[in-house]
Every structure is written in structure tokens, then in C-alpha cells.
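Q: Can you read through this structure? Questions will come right after.
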């Protein structure tokens, strides 16, 4: 049986202006946080800007051969969120749109992690806006999203929010 979320956590989610999910191990870090009673519904009901930062690489035995849309589908399925619902688990997914240089990728000897494929059409069909960014920007975002103004960091819809951020980090 899943534990209940504490009142303080639910209050923080309700008062947040920005909620960031990920990056992290999809099934062992990100999704477990959403299985705590009350967390997923609180996030879905929140008026905060909600972003999922998709992993850059797959994880063997966990997300082997997963695309960005596969990550989104898993999050929606395990949280009870409905695709294209007005109460969304997240509005935007940040995805890598630049393949890493070949010399930093593992040498293919059996099963190895591979870059997560950015499949924009499938992501958008799930009712989620996709914001593609180069490989290094996604890494920088993970470190700095709580400190920088979104106008200085990200283009597009994410930069529409101009107030200082109250962040609730669901997972790192």
C-alpha cells in the first residue's frame, strides 16, 4: 500500500509556480514519487507550470529502446493522468534534439544505453508540448532551473512565466 503524502508536501505543490519532474530513472526514481497517495492528483490540479525533463539516454533494463513519447506514456499511465486532459501531469516535456558526439557514446557491444529518440509527433499526440533543446542545454537546465529566470534559460512557452519561481522538485 502506498504511503500518504504529508500535508506540507501537498501545500508546497498547491503553492508552487513551477513543478519539475525528472530527469532520473523513470521507473525507480520519477514514477515512485507519483505513486505516493495524493501526489499525482495534487500535481495535476496545480496551476503551476509543470515540466518533465526527459532523460537524454536510455537505461538498460528500465527504458531500453524508449523514445521521449514512451517516457511520457509511462508517466501518464502510472500517475492516472489522461492524455489531452485539462488537468495535466505536465504541460511541457524538455527533450534532447541533438545526438551526442559519437566518441562519447558507449561502444556497441551487446546492450548499451542509447540516446532517447525525440519523437515530437507522438509526444504532441499525448497532449503535451515538446520543447527540443541541444544536449548540453538539457544538462545545464537540470542544474540551474531553480536559480535562473526562464527568460534567460529557455525560449518559447516556458519563458512566458516571468515571476520568481517557487519550485517543488518531485524528483531529481
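Q: Please give the length that would be gained between residue 47 and residue 98 if that part of the chain were fully extended, namely 0.36 nm times their separation in residues minus their C-alpha to C-alpha distance (nm, one decimal).
A: Taking residue 47 through residue 98 to full extension adds about 15.2 nm, to one decimal.
Q: Going by how many other beta carbons lie within 10 Å of each one, how would you line up 66, 27, fewest first?
A: Least to most surrounded, the residues fall as 27, 66.
Q: Once R0 is set to 25 Å, what does the formula 1/(1 + (r/R0)^6) return for the Cβ-Cβ distance between residue 119 and residue 4, expressed as a FRET efficiency to the nearest 0.05?
A: Working from the Cβ atoms, E equals 0.10.
Q: Take 73, 11 and order them by how many other Cβ atoms sit within 10 Å, fewest up front.
A: The order, fewest Cβ neighbours first, is 11, 73.
Rule-based calculations on the coordinates, nothing more; no lab input. Please read all numbers here as calculations on a predicted model, not as lab measurements. Glycine gets a Cβ as well: all are built from the backbone with ideal geometry, and neighbour counts include every protein chain shown.
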